[in-house]
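Chemist: My structure is below; once you've seen it, I'll send some questions.
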Amino acid sequence: MLKLSRQLTNYPNPKKSASLIKQKLEKFKDYLPIINVVCYHGLRDRHWEKMSEVVGFPLKPKPGTPLNKILELDLGKYIEQLEEITQIATKESTIEKKMKDMKTEWEEIEFIMTSYRDTGVSILSSIDDIQIKLDDHVLQTQTIRGSPFIGPFEEESKTWQDTLVRLQKILDNWLKCQATWLYLEPIFSSEDICAQMPVEAKKFGVVDTYWKEVMGAAVKDTHVLVATGQQNMLERLIDSNNLLEEIQKGLNDYLEKKRLFFPRFFFLSNDELLEILSETKDPLRVQPHLKKCFEGIAKLKFT
């Protein structure tokens, strides 16, 4: 406006109007601190209540209240206290937005499932991105909870942190269970192995039922927060992993006994030995492993 006033030197009336507008703008600048305080989008009822306590009367404007009505309240003398409340509101608003953004992001994240052979059962596939995102959000939530402005969001942030930590534990146990189940499922699909290891076969049957129930529910809705929200999912996965550890121990003991009974089985890996033991009715299954068991023998002719 100052530049415009100079350009209108030879035009008295326009110059007068420009000068008048300039004076009004200069006067309006005095109200900017108050406007910045009362018009901040992050103000909540708790902030308006504190401001009202400072000025001594209800300050929160009603919908449609014109700005000039606020400016007529002579709030300038309280500006330092009001700005302090607005600064707190700014910090709290940042926390509120981060919490909302994280929750919104997880609403869209889904697991990728793939079918496992011809079993009709699906398994988890490629969850690296989910784990990276989870680690990042756990760290963000811990940082938020350490903020001195966490007060209004204490309970919400604690609940969200518990949700993420539980999700982390579920994924860890889920992947562990899946890896072991994938290893043992072909083994205990053999009737011969089940007949020779009835206790372990029974335990695997329990785990197999758990696993198929968990995966069946997860496939119905692959959104991470929904799929992992199954009742007692973490507890069931932990129980399954405990059983799988017992099964693996029993399996190792069983293979050890077979090797002690026929020491040349020590030359074979567990998988190779299991391939033989899983088909005891078919002696030809030993053929590919003869070279490891007996020096100088590559093949036998069975009659």
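Chemist: Please enumerate the residues belonging to the range 234-246 that are without any contact (Cβ under 8 Å) to a residue 40 or more places away in the chain and surrounded by 18 or more Cβ atoms within 10 Å (Cβ to Cβ).
Modeler: Arg236
Chemist: For a quick check of your reading of the model, give me the residue pairs whose first member lies in the range 84-112 and is in contact (Cβ under 8 Å) with a residue 60 or more places away in the chain, whose second is of a type in the set (Ser, Thr, Tyr) and open to solvent by less than 20 Å² (accessible area, probe 1.4 Å), with beta-carbon atoms closer than 7 Å and at least 6 apart or on different chains.
Modeler: Met99/Ser157
Chemist: Moving to a separate point now. Would the range 171-182 turn up any residue that is touching a residue at least 12 places away in the same chain (Cβ under 8 Å), surrounded by 17 or more Cβ atoms within 10 Å (Cβ to Cβ) and closer than 30 Å to Glu96 by Cβ?
Modeler: Looking for residues that are touching a residue at least 12 places away in the same chain (Cβ under 8 Å), surrounded by 17 or more Cβ atoms within 10 Å (Cβ to Cβ) and closer than 30 Å to Glu96 by Cβ, one finds at least one in the range 171-182, hence yes.
Chemist: Follow-up question, since we're still on this one. Starting from residues that are out of contact with any Asp or Glu (no Cβ under 9 Å at 6 or more places or on another chain) and surrounded by 12 or more Cβ atoms within 10 Å (Cβ to Cβ), keep the ones in the range 271-282 and report whichever is modelled with the highest pLDDT.
Modeler: Per the stated criteria, the residue is Glu272.
Chemist: Filter the helices (runs of 4 or more DSSP H) completely within the range 23-93 down to those with at least 2 residues that are surrounded by 11 or more Cβ atoms within 10 Å (Cβ to Cβ), modelled with pLDDT of 90 or more and not hydroxyl-bearing (Ser, Thr, Tyr).
Modeler: Working: elements: 32-38, 45-55, 67-71.
Answer list for the range 23-93: 45-55.
Chemist: Now a separate question. Scan the range 225-233 and tell me whether some residue there is in contact with a Leu (Cβ under 7 Å, 6 or more places away or on another chain), open to solvent by less than 60 Å² (accessible area, probe 1.4 Å) and farther than 26 Å from Asp162 by Cα.
Modeler: Within the range 225-233 (the criterion being in contact with a Leu (Cβ under 7 Å, 6 or more places away or on another chain), open to solvent by less than 60 Å² (accessible area, probe 1.4 Å) and farther than 26 Å from Asp162 by Cα), the answer is no, since none of the residues qualifies.
Chemist: Against the condition charged (D, E, K, R) and open to solvent by less than 50 Å² (accessible area, probe 1.4 Å), how does Glu155 come out, does it pass? First the steps, then the outcome.
Modeler: Numbers: charged (D, E, K, R): yes; open to solvent by less than 50 Å² (accessible area, probe 1.4 Å): no.
Against the criterion (charged (D, E, K, R) and open to solvent by less than 50 Å² (accessible area, probe 1.4 Å)), Glu155 does not qualify.
Chemist: Restricting to the range 109-131, name every residue that is assigned to a loop (DSSP other than H, G, I, E, B) and under 21 Å from Ala179 (Cα atoms).
Modeler: Phe111, Arg117, Asp118, Thr119, Gly120, Ser126, Ile127
Chemist: Hey, Leu134 hits all of (1) surrounded by 15 or more Cβ atoms within 10 Å (Cβ to Cβ); (2) in a strand (DSSP E or B) but one; which does it fall short on?
Modeler: (2)
Chemist: Would the range 175-196 turn up any residue that is among the β-branched types (Val, Ile, Thr) and at pLDDT 95 or above?
Modeler: For the range 175-196, residues among the β-branched types (Val, Ile, Thr) and at pLDDT 95 or above: absent.
Chemist: So, one more: Please return the ranges of helices (runs of 4 or more DSSP H) entirely within the range 145-247 where 3 or more residues are farther than 23 Å from Glu107 by Cα.
Modeler: Counting at least 3 such residues, we get 154-187, 191-196, 198-220.
The values are calculated or read from the model by the stated rules, or taken from the named source; none is laboratory data. Computed from a predicted structure; not experimentally measured. Backbone-built Cβ (ideal geometry, glycine too); neighbour counts: all protein chains shown. Areas reflect the complete protein model, heavy atoms only, side chains present, ligands, DNA and RNA absent. Shrake-Rupley method; radii C 1.70, N 1.55, O 1.52, S 1.80 Å.
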